[in-house]
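Enquirer: Below you will find the structure I want to go over with you.
Derivation of every value follows stated rules applied to the coordinates shown; laboratory data play no part. Only a predicted model underlies this, so the values are computations on that prediction, with no experimental measurement involved. So basically every Cβ, Gly included, is an ideal-geometry build from the backbone, and we count neighbours across all protein chains shown.
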Amino acid sequence: MSATDTLTRADLAEAVHSEIGLSRGESARMVEKVLEHMCEALSTGQNVKISGFGSFVLRDKGERVGRNPKTGIEVPIAPRRVLTFRASQMMRDRIAGETSGD
């Protein structure tokens with residue numbers, strides 16, 4: 001996979017199909033259910049941690065003052081909740097190992 005490739009839901013379903021042997025339809029449904037469960041947990045304010053992969057963490061950011069870079073006018077930025085991903089140490093080590101061989 002090159003740097004411009006993107007892993008899609010269909011790719012995940014195909015991997016489940018070839019690795020586990022479920023039908024393509026069952027594999028697609030399984031991937032959808034996992035993603036649906038993760039989205040539901042995040043939407044209710046829960047963080048999602050997948051051991052050996054990483055954590056999806058919700059953070060509440062307070063109101064702050066920003067500046068329009070073109071005009072320099074200060075504008076208030078409303079408080080909001082943001083989703084961040086933090087890769088596990090195992091994933092970081094694996095990624096660092098793959099890029100150092102280029």
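Enquirer: Tell me which trypsin sites (Lys or Arg not before Pro) from segment 23-88 have a DSSP coil assignment and no more than 10 other beta carbons within 10 Å of their own.
Expert: On the way: sites: 24, 29, 33, 49, 59, 61, 64, 67, 70, 80, 81, 86; in loops: 70.
Qualifying residues, ordered by number: 70.
Enquirer: Next up: Can you pull out the GluC sites (Glu not before Pro) in segment 24-66 that DSSP calls coil and that have at most 14 other Cβ atoms within 10 Å?
Expert: Working: sites: 26, 32, 36, 40, 63; in loops: 63.
Sites meeting the loop and neighbour criteria: 63.
Enquirer: Output the relative contact order of the chain, whole-number percent, from Cα pairs under 8 angstrom with separation of 6+ residues. Display every interim value, and only then the final one.
Expert: On the way: 103 pairs, mean separation 18.6, N = 102.
It rounds to 18 percent for the chain.
Enquirer: Which of the three applies to the chain, rounded, prolate or oblate, going by the alpha-carbon gyration tensor with a ≥ b ≥ c and a/c under 1.5 meaning rounded?
Expert: Details: a/c = 2.32, a/b = 1.67, b/c = 1.39.
It is prolate, given that a/c is not under 1.5 and a/b is the larger ratio.
Enquirer: Sorted from largest to smallest, which semi-axis lengths in Å does the alpha carbon gyration tensor of segment 20-69 give for its equivalent ellipsoid, taking the root of 5 times each eigenvalue? Before the final figure, lay out each step's value.
Expert: On the way: eigenvalues 236, 34, 25 Å².
Output for segment 20-69: semi-axes of 34, 13, 11 Å.
Enquirer: Please give the calculated 222 nm ellipticity per residue for the chain, where each DSSP H segment of at least 4 residues contributes -39500 (n - 2.57) and the sum is spread over every residue; nearest 500 deg cm²/dmol? Please report the intermediate quantities before stating the final value.
Expert: On the way: 3 runs with 43 residues, N = 102.
The helix-only estimate for the chain comes to -13500 deg cm²/dmol at 222 nm.
Enquirer: Could you give P(r) for segment 7-46, binned at 10 Å from zero, as whole percent values over all Cα-Cα pairs?
Expert: Per 10 Å bin, starting at zero, the Cα-Cα P(r) for segment 7-46 comes out as 34, 43, 20, 3 percent.
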